[in-house]
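Read through the structure below, which is laid out as structure tokens, and then see the notes.
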């Protein structure tokens, strides 16, 4: 008996959103890297842009998680007081 874990609609949507979100972070990372290394077009430069984009995207996602956790803690504290 095999049970398959099918992704929920929200999980599928989140997965589908990743490429466009990553592209947005690539644009932001390119601005940041180009500001410090103007007129650079090497493969190392492109790798730096990709790594910066990944870092920026992860920092953003971690910030969202942190805010959600803070909201949960606030709600739990509020319930304990009542």
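Nothing in this text is a laboratory measurement; each read-out follows from the coordinates by a stated rule. On a predicted model such as this, the values are computed, not experimentally measured, just so you know. Positions of Cβ are backbone-derived with ideal geometry, glycine not excepted, and every protein chain shown enters the neighbour counts.
Couple of notes before you dig in:
Residues checked against (1) more than 20 Å from residue 19 (Cβ to Cβ); (2) in contact with a strand residue (DSSP E or B) (Cβ under 9 Å, 6 or more places away or on another chain); (3) in a helix (DSSP H, G or I):
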residue	(1), (2), (3)
31	no, no, yes
39	yes, no, no
46	no, no, yes
52	no, no, yes
65	yes, no, yes
68	yes, no, yes
72	yes, no, yes
79	yes, no, yes
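- When 66, 24, 28, 40 are checked against the criterion of being out of contact with any helix residue (DSSP H, G or I) (no Cβ under 8 Å at 6 or more places or on another chain) and surrounded by 11 or more Cβ atoms within 10 Å (Cβ to Cβ), a single residue qualifies: 24.
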